[in-house]
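Written out below as structure tokens is the structure these notes cover.
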Amino acid sequence: MIAKMSKYDFVLLRTQSEDFIEKLREIGLVDITTTGWEPSEDDRQLLLDIEAHTKADELIASLCEENRLDAKAAPYTTGEEAFEAYRNAVAESTRLNQEIARLEKTADELRPWGAFDLNRLKALQDKGIVLRFFFASRSAYDKLAGEWAAQYTLSEVARNTATVWFVVVAAPGEEVAIDAQEMKTPQMDIREADMQIASARKQLAEQDTVFSRVAASEELMHRHAISLKEKLQGVRVEAAATEAADGRLLVMEGWAEKETSSQVDQLLEAYPNVVWIKSDPTEEDETPVLLKNNWFAHIFELVGDMYARPKYGTMDLTPFFAPFYMLFFGICLNDAGYGAILMMMGGWLLHKNKQEGMMRQAAWFATMCGAMTTAFGLFCGSFFGLALKDYFPGIPFYDFQGQFFSVSLAIGMVQVLFGMLLKIVLLSGTVGFKYALSTLGWWLILLGGSIAGGLPILNESWVIPFYTTDSIAFKATLAVGAVLMLFFNSPGKNPFVNFGAGLWETYNNLTGILSDMLSYIRLFAIGLSGGILATVFNSLADGFVPEGSGIIVRLLIMIPILFIGHGINLFMSVISSFVHPMRLTFVEFYKNAGFDMASRLFDPLRKLDK
């Protein structure tokens, strides 16, 4: 559910702002509105410094994996000193890497010319003899070398399978007209280039000493990063506050959970020279949103967060879509063996992440989805692509391939009707029941059609005698639904205007609901495709075994094929089983439930730790 919020308006002296923000940070309960904050140049540098700390952690971890760090290095005195040393070392490493790349390119150009004496070239030039450096394709050189030699003195220096490098002896300023690519006179030979590369590499390796000291200052670096983030909090709050009394006063807007707002009240009552007003949020406010769900629904908040949090004053749909999502995941993956692997991975993650947080939440998510997959796979009799009915003929396993197509549509209708029912409840609670009458009309029509016409399609024995497509009760339901749908879609307007709008809405809703229903076929299609692929890999592994092979040979041949094949299928199927139920949730369910997204999340000022 969405936690109830209290709104605060603060008026305080500008000179108190830093101390006041620090006090709010210490209690960690107040979210200060910073909407519209535009960072200055100093603020942008602060953001870059915070980002640089994250990159520092990544670089140090990478160097540690490469065993380039000295575990005995001495730490720096402060985190700020360590960060400055890190930044300088990164800048120097970047410069050296660029220099090495430039020198290596130069060395590649010089390598064909070998070792030569630049002083002798200069001495020849002083005597009026200039060496011009050329290269050409091997075929062109072999074809034209004789013609060039008749005009100029030239000498081949090196060649490979594609290129020939040669020099032409010329007088100063003489034009050399040959069809070849001329190079600038080298300013060094390959020996000098290799020496400079070695020197640059040595300087680059020396930067590891700095990085080793930075790694030894890890705790100090983290504290410095925390101080920068807290500084950014204060900068955003002060910049977003409204000035009054010629800049001597600041006006701030804050938010706190209603159940903990008494602690905020105590702080404000004890804090000097602060005027504050506490009130309830209005519809016009951009109230921050905090979700507080039970253990089960909290697991699936990570799914909803990939789209958006619900707007304050509406309904948190997480507890309502969570069972559907888990079921849809199990249907799409649809194999008890794959589900068991997913459960084991989730259990391992739970063991590795004992503290509450994102990773433990993801571990529970994998475990729950794996459990549903295992249960549905056993229900359908599928285990790593094997049909369990062949081994347990006495158990009536569900025929997924033959029966689930129509069931997937029925499940979709159930979720859509459930979403519309939630929308009716939401509209009734927020703007009034009369604004939900049109949706109620559609809900009655769809529900009546599903019961009277849909149930017999699923199973002939599910016909309700007094509620068939020819019964008076069914026709009465349609009539009531049509009246509500056509004449109550815009309460308070002219009935004829409502009727016209209702006809237009009827067209949109009919096409929309048809599209929604067809979307649920993906449950059947994805579950079927994964099962078929698993069967194909089993047949492929069995087909590679020569006839008459013993058990050892069979295992040696089949296990690698099965391991690779089922690994690929599991990876692809898990991605599909994660994404497509999410799509059904965000598009079909959210739309029919009237979901409205929040503009901001509840993020209180607080003391930051690692």
What is the percent carbon and sulfur in the accessible area of the chain, measuring with a 1.4 Å probe over the protein chains and ignoring ligands? 60 percent
Quick one: how many Å² of Cys369 are accessible to a 1.4 Å probe, rounded to 10? 0 Å²
Enclosed volume per residue, in Å³, of the convex hull spanned by Cα atoms of the chain: 354 Å³
Inter-site label distance for Ala162 and Leu458 at 7 Å from Cα along Cβ, in nm: 6.7 nm
Amide proton proximity set for Arg159, modelled H, under 5 Å, gap of 5+: Trp165
Would you grab the residues whose amide H sits under 5 Å from the one on Thr468? Only those 5+ places off in sequence or on another chain, please, with H modelled 1.01 Å from N. Phe474
Contact order relative to length for region 519-592, counting C-alpha pairs under 8 Å separated by 6 or more residues, stands in percent at 40 percent
In square angstrom, what is the accessible area per residue of region 203-295 with a 1.4 angstrom probe? 55 Å²
Any chance you could tell me what percent of the C-alpha pair distances in region 238-349 go past 23 Å? 55 percent
Which links in Lys231/Lys591; Lys231/Lys258; Lys127/Lys184; Lys278/Lys354; Lys143/Lys184; Lys231/Lys278 stretch past 30 Å when you go from one Cα to the other? Lys231/Lys591; Lys278/Lys354
From the backbone phi of region 393-403, what are the Karplus-calculated ³J(HN,Hα) couplings (6.51 cos²θ - 1.76 cosθ + 1.60, θ = phi - 60°) in whole Hz, Gly and Pro given as x? x, x, 8, x, 5, 6, 7, 4, 5, x, 10
Given a 1.4 Å probe, how much area per residue of region 525-610 is accessible, in Å²? 57 Å²
Amide H of Leu249: which non-local residues (sequence gap of 5 or more, or other chain) have their own amide H closer than 5 Å, using H built in the peptide plane? Arg14, Ala244
Taking the reciprocal of mean 1/r across every pair of different Cα atoms in region 404-465, the Kirkwood radius in Å is 12.7 Å
Region 2-91: percent of C-alpha pairs farther apart than 15 Å? 77 percent
Give the ranking of Leu555, Leu267, Leu110 by solvent-accessible surface, highest area first, calculated with a 1.4 Å probe. Leu555, Leu267, Leu110
Do you know the relative contact order of the chain, to the nearest whole percent, from alpha carbon pairs under 8 angstrom that are 6+ apart? 21 percent
Relative contact order for region 192-310: what is it in percent, counting Cα pairs under 8 Å that are at least 6 residues apart? 10 percent
Under the Karplus relation 6.51 cos²θ - 1.76 cosθ + 1.60, θ = phi - 60°, what is the ordered set of whole-Hz ³J(HN,Hα) values for region 113-124, x standing for Gly and Pro? 7, x, 8, 8, 9, 5, 5, 5, 4, 5, 5, 5
Tabulate in residue order the Karplus-calculated ³J(HN,Hα) for region 34-45, using 6.51 cos²θ - 1.76 cosθ + 1.60 with θ = phi - 60°, rounded to whole Hz; enter x for Gly and Pro. 10, 4, x, 5, 10, x, 7, 4, 5, 5, 5, 5
Rounded to the angstrom and largest first, Cα extents along the principal axes for region 17-154 equal 91, 45, 34
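The values are calculated or read from the model by the stated rules, or taken from the named source; none is laboratory data. This structure is a prediction, so every number in the text was calculated from the model and none was measured. As a convention, Cβ positions derive from the backbone with ideal geometry for all residues, glycine included, and neighbour counts pool all protein chains shown. Only protein heavy atoms, including side chains, enter the accessible area calculation; ligands, DNA and RNA are left aside. Shrake-Rupley method; radii C 1.70, N 1.55, O 1.52, S 1.80 Å.
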